[in-house]
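Here the structure is laid out as structure tokens; the discussion comes afterwards.
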Amino acid sequence: MDKFTALKQYFGHDSFRPGQQALVEGLLAGRDVLGVLPTGGGKSVCYQLPALLLEGTTLVISPLISLMEDQVAALEQMGIPAACLNSALGAGQMARIAANARAGQYRLLYIAPERLAYPGFQALAADLRVPVVAVDEAHCISQWGQDFRPGYLASADFIASLPVRPAVAAFTATATAQVQADIVRLLQLQDPVRVITGFDRPNLYFDVLRPKNKLNTLRALVGQRQDKSGIVYCATRANVEKVCAALQADGIPATRYHAGLPDAERRRNQDDFQFDRKTVMVATNAFGMGIDKSNVAFVIHYNMPQSLEAYYQEAGRAGRDGTPAECILLFAPADIATARFFIENGGENSALTPEERQTVRRQDYRRLDAMVAYCRATRCLRGVILDYFGQPHAEQCGNCGPCKAEYSRQDVTVPAQMVLSCAARIRQKLGYPVGETLLVGTLAGGHDRRIRELGLDGLSTYGLMKTIRRGEIRRLVEYLEEQGCLTRDTHGAIQLAGRAGEVLFHGEKLTMPLRAGEEPVLSRRKKTRAAQDVPGQPEDDSLLAALKAERMRLAQAENVPAYVVFSNAALADMAARRPASLQEFLQVNGVGAVKASRYGKAFLRVIARWNAEHGQAEPPA
Ligand code: ADP
Ligand code: ZN
């Protein structure tokens with residue numbers, strides 16, 4: 001069988017995605033490969049397809065048990081025999097799998113890195129014919145990566161211990177050159193075929209909101225997406241608890257995940273989410289590496305992550321099946337302090353020397369700066385991300401908040417004059433300028449001790465903006481800085497700059513851009529954000545809903561997650577084509593031969609019934 005036939009027959013895909021073909025061909029030719037593809041880019045096919053076509057058993061080193069089990073379940077659904085060896089198995093199961101493996105029954109065998117060092121496993125591996133060792137999430141081998149796992153370092157020794165050196169395939173979604181170099185060096189890849197595909201995920205919509213009240217905004221956002229599956233990421237366990245409870249109180253089927261929960265509960269909650277018994281998962285970043293649920297329609301960040309890499313990886317768990325999905329970040333300046341705290345107090349990695357630790361921390365701060373710049377960006381957000389990963393792109397993507405937003409302008413001349421004259425008065429009184437906190441505090445009429453000590457409460461501009469929230473005054477200060485009316489020295493002290501005189505004395509007007517749906521600065525009106533449009537076309541509800549119900553029924557009967565039966569993309573294509581025969585059913589994207597024979601009849605029956613009820617005998621052209 002050739003690779004194109006196998007792609008269609010087993011995986012149900014009509015063509016390779018960017019990068020897949022070169023990686024598959026490399027492995028078929030016995031070469032080492034390094035595949036850098038974004039999350040959801042389709043890394044599994046790159047080693048699963050060669051595993052089908054090459055003689056012997058491909059070994060896959062994979063970081064998480066849940067991930068392995070899902071992959072094995074998905075492979076079995078496609079008619080590809082596979083198994084995984086992990087610490088959750090009993091001795092009996094382990095022996096049975098080993099015997100099957102020796103009998104050559106598996107095309108793929110998944111293993112946790114910890115197992116590589118077991119003599120029993122090494123003996124088994126030596127008995128197998130191993131064409132390829134695939135290392136999934138290979139960045140875990142690098143201490144510069146996000147998720148360093150010392151166990152991964154055993155991979156190279158293990159590979160070297162095999163009687164015949166297999167082709168080695170490394171896959172990651174982490175793009176930085178340093179991590180890539182580490183992977184090549186530590187896994188001892190020999191002249192690998194390197195494929196680094198584009199990082200763009202066009203089906204993802206990106207947006208950053210700066211809500212006054214995050215919890216209320218989040219509840220509204222989730223409420224507008226009731227029937228969809230989504231993840232809400234929070235920075236702390238306490239936030240996870242708070243947010244999850246609030247959503248549950250709203251009647252949202254939400255569950256939670258963080259490192260403070262007992263193993264059994266974590267496992268159960270994750271299953272509830274994977275199996276669509278609960279539609280929303282509220283979690284810390286502990287949740288995710290093992291998640292390849294393909295029908296996640298939104299990822300909302302309740303707090304800003306520490307780096308754009310982490311953000312893109314977490315947000316990238318949305319829309320893996322290629323259908324439109326949303327990635328929304330709720331930003332507040334306090335998130336920066338939280339991120340700094342985590343960098344300063346983050347898990348000290350005992351494998352690092354003090355100098356290395358210093359370097360890591362410096363890099364962490366650089367990553368944080370990029371993350372903050374993303375949150376504050378007023379230009380195309382996809383552009384900001386792709387710039388960071390060094391990829392060229394169009395100026396406007398048309399599918400992110402700033403690209404879609406309509407801007408209006410708000411006249412802020414009068415409040416700007418208040419800010420400027422207050423800064424001038426303070427300078428006059430004290431003989432030196434003060435920082436943002438004191439300036440804003442004075443305008444807001446604050447009772448802070450410093451204000452009283454310095455006598456700023458005696459100024460005529462004291463309390464001039466007392467009906468305005470401090471956060472809004474800050475936004476105005478930032479805007480005035482951007483406009484060249486204020487400058488900030490290296491100590492953070494704020495003074496009038498060139499253009500201030502024009503605004504104060506010569507009647508120059510200042511108008512601040514305002515995004516539609518965003519509350520004007522300096523107004524106390526309650527926020528009424530219009531219901532957000534979900535990107536993409538409206539779906540053919542009734543048929544798609546019927547297909548989804550059928551999928552749920554089958555999934556429950558077989559005790560597998562729904563997306564293992566068919567992805568949302570496959571169901572959408574099915575609804576569009578409305579196949580009437582098994583032959584036509586095979587044309588649906590994501591339907592391979594095994595799945596067609598297993599599920600075809602059931603879905604065809606649903607479609608036929610729907611056609612009859614809607615008086616539509618013919619599928620659309
Ligand atoms: P990741 O790179 O994150 O490991 P996966 O291997 O889980 O990504 O694939 C993500 C999704 O893309 C899956 O739903 C898979 O079915 C789909 N996919 C992979 N390859 C193709 C292809 N050639 N055509 C269409 N869909 C594909
Ligand atoms: Zn854009």
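Throughout, read-outs are computed from the coordinates displayed, never taken from laboratory work. It should be emphasised that the depicted structure is a prediction, and the values quoted were computed from it without experimental measurement. Neighbour counts are summed over all protein chains in view; Cβ atoms, including those assigned to glycine, are modelled from backbone coordinates with ideal geometry.
A compact table of results
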read-out	value
Kirkwood hydrodynamic radius of segment 368-456, from inverse mean 1/r over distinct Cα pairs, in Å	16.6 Å
Cross-link pairs beyond the 28 Å C-alpha cut-off, checked among 8/293; 214/509; 43/601	214/509; 43/601
Enclosed volume per residue, in Å³, of the convex hull spanned by Cα atoms of the chain	184 Å³
Exposure rule at most 12 other beta-carbon atoms within 10 Å, DSSP loop GluC sites (Glu not before Pro): the chain longest free segment	56-347
Dipole moment magnitude, nearest 20 debye, segment 204-405 about Cα centre, only Lys, Arg, Asp, Glu C-beta charged	460 debye
Net lengthening on full extension, residue 378/residue 470 (0.36 nm per residue, minus Cα-Cα)	31.0 nm
Isotropic mean projected area of the C-alpha convex hull, segment 433-515 (nm²)	6.2 nm²
Estimated 222 nm signal from helices in the chain, with DSSP H stretches of n ≥ 4 weighted -39500 (n - 2.57), rounded to 500	-13000 deg cm²/dmol
Pairwise label distance in nanometres, residue 601 with residue 483, each label 7 Å out on the Cα-Cβ vector	7.2 nm
Charge tally in the Cβ shell below 14 Å around residue 510, where Lys, Arg are +1 and Asp, Glu are -1, residue 510 excluded	-2
Sequence-separation-based contact order of segment 412-477, relative, with Cα cut under 8 Å and 6+ spacing, percent	34 percent
